[in-house]
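**Q** Provided herewith is a single structure, encoded as structure tokens, for subsequent inquiry.
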Amino acid sequence: MKRILPIAALAAVLPFAANAAQGLSYNYVEGGYSASKADIAPINRDVDSDGWSIRGAAAFHPNFHAFGDYTRESIDHVHRDRDQWRLGIGYNHELSDRTDLLTRVAYQNIDFGQGLDASGYAVEVGARSALLPALEGYALAGYEHYGRGIDSEFYGRLGAQWKFNPNFGVAGDVKLIKGGDVQWFVGPRLSW
């Protein structure tokens, strides 16, 4: 009886594990180099920063996943760091064997230290596709709102992953924010 229960539970969950388009996994962790170019009015204008990010996602239903990321960057020529994080839920709907429609909502926070911080939300919609057996990409349009003097902005996000095998690859992402701010990320990804 003790063996039958775990096997029955696994058999019940397996049909739900493959609802995303073929080759797309919503279970991953990645980390790497990040950089930003921004107009941060409270601190300085046209500020460059760089550092590291860690990101991940986990599917908890055939069409839903939770995601999160954390970025820490040092701002050039200013003794100040930028800490930024977000947590959210995404919905993926299969449009074809290789493409998903993707919608995501997140709570986010940005902190420059010494009381310069703000919290808000972001909403994204777009598509994610397995372009080739070893290449996937996505394009998202989004809107983010922070408050506390930080402008609400529309943005576009483009990303890709080159897969060395089904579990390991290199991912890259660029976020182009209305007004000229840009954020980059590149690093290894482990998927399962």
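**Q** Quick check on segment 170-192: of everything there that is in contact with a Lys or Arg (Cβ under 9 Å, 6 or more places away or on another chain) and within 13 Å of Gly31 (Cβ to Cβ), which residue is most open to solvent (accessible area, probe 1.4 Å)?
**A** Looking at the filtered set, the residue picked out is Val170.
**Q** Does Tyr155 satisfy the condition of being within 23 Å of Ala35 (Cβ to Cβ) and at pLDDT 95 or above?
**A** Spelling it out, Tyr155 is indeed within 23 Å of Ala35 (Cβ to Cβ) and at pLDDT 95 or above.
**Q** Is it the case that Glu30 is over 24 Å from Glu153 (Cα atoms) and either part of a strand (DSSP E or B) or among the β-branched types (Val, Ile, Thr) (or both)?
**A** yes
**Q** Looking at Tyr33, Tyr91, can you tell me which residue is at pLDDT 85 or above, over 19 Å from Asn109 (Cβ atoms) and either out of contact with any Lys or Arg (no Cβ under 9 Å at 6 or more places or on another chain) or open to solvent by less than 60 Å² (accessible area, probe 1.4 Å) (or both)?
**A** Exactly one of Tyr33, Tyr91 is at pLDDT 85 or above, over 19 Å from Asn109 (Cβ atoms) and either out of contact with any Lys or Arg (no Cβ under 9 Å at 6 or more places or on another chain) or open to solvent by less than 60 Å² (accessible area, probe 1.4 Å) (or both), namely Tyr33.
The values are calculated or read from the model by the stated rules, or taken from the named source; none is laboratory data. It should be emphasised that the depicted structure is a prediction, and the values quoted were computed from it without experimental measurement. As a convention, Cβ positions derive from the backbone with ideal geometry for all residues, glycine included, and neighbour counts pool all protein chains shown. Surface areas here come from the heavy atoms of the whole protein model, side chains and all, with no ligands, DNA or RNA. Shrake-Rupley method; radii C 1.70, N 1.55, O 1.52, S 1.80 Å.
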